[in-house]
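Just below is one structure, and these are the notes that go with it.
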Amino acid sequence: MAQAWWQRGVVYQIYPRSFMDSNGDGLGDLRGIASKLDYLKWLGLDALWLSPIFPSPMADFGYDVSNYVDIYPPFGNLDDFDHLLAAVHQRDLKLILDLVPNHTSNHHEWFIESRSSRDNPKRDWYIWRDAQPDGSPPNNWLSYFGGPSWTWDETTGQYYLHSFLAEQPDLNYRNPEVKKAIADSIRFWLKRGVDGFRVDVIDRMIKDEQLRDNPLNPDWVEGRDNPTWKYLRVYSENQPGVHDLIQELRQVFEEFKDRVMIGEIAYSTDPTLITGFYGTDEAPEIHLPFNFALLMLPWQAEAVRSFVDLYEASLPADGWANYVLGNHDQMRIGTRIGLEQARVAAMLILTLRGTPFIYYGEELGLRDVDIPPHLYQDPQGINLGISRDPQRTPMHWDNSPNAGFTTGEPWLPLSPDYPVLNVVSEQADPTSMLMFYHTLLGLRRYTPALHAGSYRSVESPEGTFVYVREHAGKQYLIALNFWNVGRALTLPGRGKVILSTHMDRGDAVAELHLRANEGVVVELIG
Ligand code: NOJ
């Protein structure tokens, strides 16, 4: 069966605040993104996913939406959006937006109405409960951003639930009107021509009906561990009813042709947790339930191989894999494993079977930027000391002031390495990270075995992960050295190296010598 675009292609995540500023206010915007589409096309991508672009007071940088059917004014307006969408489609690219249905902003008119009186028609659109007799919150659930998940509201004398900030009240999906309102918001964008949505914390949209207390986490140690992990989220995430809800949401996508639904689910290295969200032929759920395992596993060949093998084995027959190396919530890969291994990681996700997700700037080798705590903007940094600002800093376009990102004052400081690590300089250096990504993306696109072929891992020396991709009789072997010492292996036949992470070889080999931190793609020639 022919592959869908979201199976064949590679998705690039743009954090709109930090991509390109067209009007000098220090914030990226839609016109800025539109001005960089030729670069993205040249790079070799297929789809762009924009983190939220909707009106928002920005308590959680757009993950607190105050209107699902408009644009955050500093990013532009609906005309700018239509212009961007048309320009994306003109280049045969796809555009994916970010839907945040679990919660709204407390400035959303639905919440303003809901909190106005106990008998307001929208009261039940959110989750309101009485205090316990001693005045404490209805249960022990904790917010992901610190403190209780409940905030007392004076006006009506009840608590409301928020899984994240108090500024992000959770919607009540046991109320059919809420489902309809969100479905209509999805339709609004899909009708406009948007190619799909990444859906925020989709596995948390339904809570335990009785709102029972979560049990204590036996492994949690006060003072050592993140306070938000004190209780196991047994009743506040991944509840049985969530699959029915996801099936209903999926049907909204099915009203349109060829749209994709990507879902953010728990960060887990247990493949069955991920594969449980594909649904079945009769009751489909998420096309691409995010696989974040590579962000969590130790960076060791054996750990990665055994995860990939298990994940492959647990995918349902029509389930399509995906791999993520970075996003706006996680430390950048180059910071976590170093830039040499970041090339190995790029070769890994761009040669595995499944849709790769690339976070903006990874193609340049951007790393987390040191941001002093007094400059933190991210509420998670301010409340818990775990700031996500370092991975959200502006993109590096060239070596002019502020890397060409803005003519104004950038909303976050830039990395001091931008005069060297930027698009223009790296395009001029044939072995830069950027040229490596560009070459690798081209190789994946034009090699059916790499975007559509089968996968099988093969035995290999410690510290290496080796697998074969095969399609229509053509075989490619990928050998990745996770160690910083050389490793040798014998090929199952003769082969020719067609790409090395070092970008300096094209030799025919039977015995493969991998240098320290080297990955290669070898075309097997029998
Ligand atoms: C997951 C998003 O990726 C993150 O950035 C956000 O803070 C939370 N969901 C809440 O929406």
Of the convex hull drawn through the C-alpha atoms of segment 109-161, the volume per residue in Å³ is 82 Å³
Residue span residue 484 to residue 429: 0.36 nm per residue of separation minus Cα-Cα distance leaves a gain in nm of 17.4 nm
Between the residues 410, 269, 168, the Cα farthest towards the positive end of the dipole of the chain, that dipole coming from +1 and -1 charges on the beta-carbon of Lys, Arg, Asp and Glu, is from 269
Per the 1/(1 + (r/R0)^6) rule, R0 = 60 Å and r from the Cβ atoms of residue 92 and residue 134, FRET efficiency to 0.05 is 0.45
Of every Cα-Cα pair in segment 110-268, the percentage lying beyond 24 Å is 41 percent
Averaged per residue, the 1.4 Å probe accessible area of the chain, protein heavy atoms only, in Å², is roughly 38 Å²
The distance between the Cα centres of segment 170-196 and segment 139-164, in whole Å, is 25 Å
Computed for segment 23-96: size of charge dipole around the Cα centre, +1 on C-beta of each Lys and Arg, -1 on C-beta of each Asp and Glu, debye to nearest 20, value 280 debye
Expressed in angstrom and rounded, the centroid-to-centroid distance over alpha carbons for segment 438-458 and segment 94-113 is 37 Å
Amide H contacts under 5 Å for residue 512, restricted to residues at least 5 apart in sequence or on another chain and with H modeled in the peptide plane, are 489, 490, 491
Under the rule rounded for a/c under 1.5, else prolate if a/b exceeds b/c, else oblate, using alpha carbon gyration tensor axes a ≥ b ≥ c, segment 297-444 is classed as oblate
In segment 205-247, the trypsin sites (Lys or Arg not before Pro) that sit in a DSSP loop and have at most 16 other Cβ atoms within 10 Å of their own Cβ are 212, 224, 230
In whole percent, the fraction of accessible protein surface over the chain that belongs to carbon or sulfur atoms, probe radius 1.4 Å, stands at 52 percent
Filtering GluC sites (Glu not before Pro) in segment 442-486 by DSSP loop and by at most 13 other Cβ atoms within 10 Å leaves 459, 462
The chain: antiparallel bridges as % of DSSP beta bridges, rounded to 5, reads 65 percent
Reduced to Cα centres, the span from segment 320-352 to segment 409-432 in Å works out to 19 Å
Residues meeting the amide H criterion for residue 48 (H placed from the backbone, H to H distance under 5 Å, 5 or more places apart or on another chain) are 12, 94, 95, 96
Given backbone amide H placed at 1.01 Å from N, residues whose amide H is under 5 Å from that of residue 196, ignoring those fewer than 5 places away on the same chain, are 97, 260
Rg (one decimal) and Dmax (whole number) from the Cα set of the chain, in Å, equal 23.5, 77
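The values are calculated or read from the model by the stated rules, or taken from the named source; none is laboratory data. Predicted model only: the values in this text are computed from it and were never measured. Quick reminder, even Gly has a Cβ in these numbers, built from the backbone with ideal geometry, and neighbours come from all protein chains shown. Only protein heavy atoms, including side chains, enter the accessible area calculation; ligands, DNA and RNA are left aside. Shrake-Rupley method; radii C 1.70, N 1.55, O 1.52, S 1.80 Å.
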